[in-house]
């Protein structure tokens, strides 16, 4: 008599790319926990293998914009955005089309496009689209940056039509986060604009402010779920409302992928490149997504994607 066993689930190969050093034990495990998918994660860091002196040489000079990132020893380093961006671009350029099922850029501070031959989640692009969609809906949005100098460096051109309030606080610094809330008193929604902010930071800011708080990690996890979960009825995220969960379950796996990439603000042509399909096919999928999600604009679609990860919105 033979015993039939269920086949092991196929592991999804995901590359996490960070501007700092790996492993990011402060970020990646939490994201994977929320996904509940069979993932084989590989991490790449733009500062991996560099000496302390080489990292110090990457500090911003002159008018270079800055990023703060985590090193392998748990300390933080402030580095030049353009120069570390080039290092990250070199990592992405080294990936062949079938090396990974998904590449995740774990940064919300790089205002640039990256060429990737793999399906990609760009944390910055997803966050920027989400902020603009929320602000365009009429709500005043408060953004917390990790560094004081990033308040002055944030891209204001795209955000200038909206009511945006800015402040700064280091992730995990409860006193600084409480101080930031004073600057953001007039905002209706608060965005913690770095993957280094965690669930504890979100909960503390939500309690202290009484306002909805958008967490970058949740946005990244939600994009990953839409792109990777090929089951007819994907797992629900956090406490997604039953109505929104039902709408998401109307979508096919391909439509969920188009939804996620559209929510990053990508054009039909760019989505087609990522998925290996024609722009016309993307247009057809996109039309079906809009219909099934019962929205009439891309902005409304993006707001639904953000609210899937933040039910209080």
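Taken together, the values in this text are just the output of simple stated rules run on the coordinates, not laboratory data. This is a predicted model, so every value here is computed, not measured. Glycine also receives a Cβ, built like all others from the backbone with ideal geometry; neighbour counts cover every protein chain displayed.
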(request) Using per-residue counts of other Cβ atoms within 10 Å, averaged over each peptide, order 66-72, 120-126, 198-204 from highest down. (result) 120-126, 66-72, 198-204
(message) Under 25 °C and 0.890 mPa s, how fast does the range 126-218 diffuse according to Stokes-Einstein, given a Kirkwood radius computed over C-alpha pairs? Answer in µm²/s, whole number.
(response) 191 µm²/s
(message) Given the DSSP H assignment, sum -39500 (n - 2.57) over each helix run of at least 4 residues in the chain and divide by its residue total; what's the result at 222 nm in deg cm²/dmol, nearest 500?
(response) -13000 deg cm²/dmol
(message) What's the ranking of 255-265, 165-175, 49-59, 182-192 by average number of surrounding C-beta atoms within 10 Å, highest first?
(response) 255-265, 182-192, 165-175, 49-59
(request) Using a Förster distance of 30 angstrom, determine the FRET efficiency expected from the C-beta separation of residue 270 and residue 231, and round it to 0.05. (result) 0.70
(message) Counting only Cα atoms, I'd like the Rg/Rh figure for the range 219-309, Kirkwood definition for Rh.
(response) 0.92
(request) Among DSSP beta bridges lying fully in the range 12-123, give the percent that are antiparallel, nearest 5. (result) 25 percent
(request) For an R0 of 35 angstrom, estimate the FRET efficiency from the Cβ-Cβ distance between residue 207 and residue 162 and round to the nearest 0.05. (result) 0.85
(request) Divide, for the range 12-123, the radius of gyration over alpha carbons by 2.2 N^0.38 Å, where N is the residue count. (result) 1.05
(message) Using a 7 Å offset from Cα along Cα-Cβ at residue 61, what residues in the range 78-102 end up with backbone N under 15 Å from the label point?
(response) 79-84
(request) Extending each Cα 7 Å along its Cβ direction at residue 83 and residue 151, get the distance between those two points in nm, one decimal. (result) 2.6 nm
(message) Just to be sure I understand: of the beta bridges DSSP finds with both ends in the chain, what percent are antiparallel, rounded to 5?
(response) 15 percent
(request) Taking every pair of Cα atoms in the chain, average 1/r, invert it to obtain the Kirkwood radius, and report Rg/Rh to two decimals. (result) 0.96
(request) Compare the peptides 86-96, 281-291 by average per-residue count of other Cβ atoms within 10 angstrom and give them in order, highest first. (result) 281-291, 86-96
(request) Kindly state, to the nearest 0.05, the FRET efficiency for residue 52 paired with residue 175, given R0 = 22 Å and r defined as their beta-carbon distance. (result) 0.15
